[in-house]
1. Given the conditions (1) within 25 Å of residue A:350 (Cα to Cα); (2) surrounded by fewer than 18 Cβ atoms within 10 Å (Cβ to Cβ), report the number of the one that residue A:275 does not fulfil.
2. Consider residue B:122 carefully, then state whether it is surrounded by 16 or more Cβ atoms within 10 Å (Cβ to Cβ), more than 13 Å from the chain's Cα centre (by Cα), at the interface with another protein chain (Cβ under 10 Å from one of its Cβ atoms) and more than 20 Å from residue A:141 (Cβ to Cβ).
3. Within the range A:84-188, considering only helices (runs of 4 or more DSSP H) that don't extend past its boundaries, which have at least 3 residues that are more than 14 Å from chain B (Cβ to nearest Cβ), buried (at least 22 other Cβ atoms within 10 Å of the Cβ) and touching a helix residue (DSSP H, G or I) at 6+ places or on another chain (Cβ under 9 Å)?
4. Go through the range A:15-36 and count every residue that is within 21 Å of the chain's Cα centre (by Cα) and at positive phi.
5. Yes or no: residue A:332 buried (at least 24 other Cβ atoms within 10 Å of the Cβ), assigned to a loop (DSSP other than H, G, I, E, B) and at pLDDT 95 or above?
6. Which members of the range B:108-117 meet the condition of being touching a helix residue (DSSP H, G or I) at 6+ places or on another chain (Cβ under 6 Å) and assigned to a strand (DSSP E or B)?
7. Looking at (1) touching a strand residue (DSSP E or B) at 6+ places or on another chain (Cβ under 9 Å); (2) within 21 Å of residue A:351 (Cα to Cα); (3) surrounded by fewer than 17 Cβ atoms within 10 Å (Cβ to Cβ), which is the one condition that is false for residue A:200?
8. Considering each of B:130, B:110, B:105 in turn, give the residue that is within 22 Å of residue B:10 (Cβ to Cβ), facing another protein chain (nearest Cβ under 10 Å) and surrounded by 18 or more Cβ atoms within 10 Å (Cβ to Cβ).
Ligand SMILES: [Zn+2]
């Protein structure tokens, strides 16, 4: 396998979000997808009829790519709705690079739209929740019988094991939420930007996190990401076409994906994720290493997720992932910015957050700061990692800009 | 989520619905106060959850049988649930745990007879033993408890 030809085979050339997002958008998943796709294609300077590959997950029912193409009235010739949780959008980048490199398409759109918040109010009338709906399936027969509710119930076990093995405290993880909020206070689009955007918005400290109500010990409410409505989309183009768009191309230097389990009883070491594997592939293709990265977008479904992921990507030694957030290192103006939009913890998180990692990384690297939300960094390279399911799947990509 | 109809007055939490092809022996075992685990006749290892193939790398045999577990193990990790589904809501806060049995099989369960208000009192690595709780005449659910004196 010649991995080298995958390096810079494609670039991100446009990004967009839904016209509104956050709590109570009164929209459907398809509406959020559509707004995001229209904004991303407009940002790239193309028509939706130019979309050759359509990569969709999140909301939009059981036939998401077909439903979305029908709704838009477009006829993509390559579709993919891989379902691996919130990491899916990073997997989609990997898959789009493959399809582009194979010469099957030149322009792909990856999209997300999910009413994570509104569906709780409207009531999910379909088969929601859980990993499975057949009572005979292993997750139903042997795990859900013990009452575990959603992602926090599972992640809490991994965080506790990690704290035990590495003698790391809840405070160290709380600091990740504090830094996420620092970025959010500089981003007027962030759901938790200020008291004006949300009664609980604005700056927080470690005590605020530790005093928030327990969800699944050791996770408190503020260790957990938001649950919002949100749509996001990115446009990816082949290297031959990448310079034909309005934006400076943000090059995909390397990408990788890895899966490990779906039932957490099958996860051998809960202090590790498959991000060590997905990042190894991405680094190899890119010919780069952790020392070459100038910022990171790390999926912070929980403070724990971001902390352990930093280690899996080689950004910090084992047991010391949370130290990256200390001493203003990952904060605005710091040496190694992390989650510059405010993260899933304080920007927005509809249930499958991965698309927003890509959008923020593109904005930071594209170099056009005017009109962009949030504080801009000077980074020219970024590592982006998504984690899906109960620490079940990871996708890693490495992005750079020549700008 | 689990079928809320499948509960009763005795046991208001979700009641397991056994897969009769792959898990009949497991649930017959719990009824008889025994933890019986799937066993691979080729690589000679126990595994969990029950399925029609050995999950171990390099084996994947379909020559499977069943082997009684010691019913003992240790606490790999735990969490204290303050939000839950179905009848478990009545039990909040309660302690869920991943148990490693002496056969090196990991299972999710609920840890009983611990103080959920004091996480620091529950020690990872503690020796644990299985207990079965009657849900219906046909179904007994595995729970685990910390063994203090060995
Ligand atoms: Zn075997």
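The values are calculated or read from the model by the stated rules, or taken from the named source; none is laboratory data. Quantities reported herein were computed from a predicted structural model and do not represent experimental measurements. Neighbour counts run over all protein chains shown; Cβ positions are idealised from the backbone, glycine included.
1. (2)
2. When the stated conditions are applied, residue B:122 passes them.
3. Qualifying helices (runs of 4 or more DSSP H): A:88-101, A:170-185.
4. Residues meeting the conditions: 1.
5. No.
6. Answer for the range B:108-117, where residues must be touching a helix residue (DSSP H, G or I) at 6+ places or on another chain (Cβ under 6 Å) and assigned to a strand (DSSP E or B): B:108, B:110.
7. (1)
8. Checking each option against the conditions leaves just B:110.
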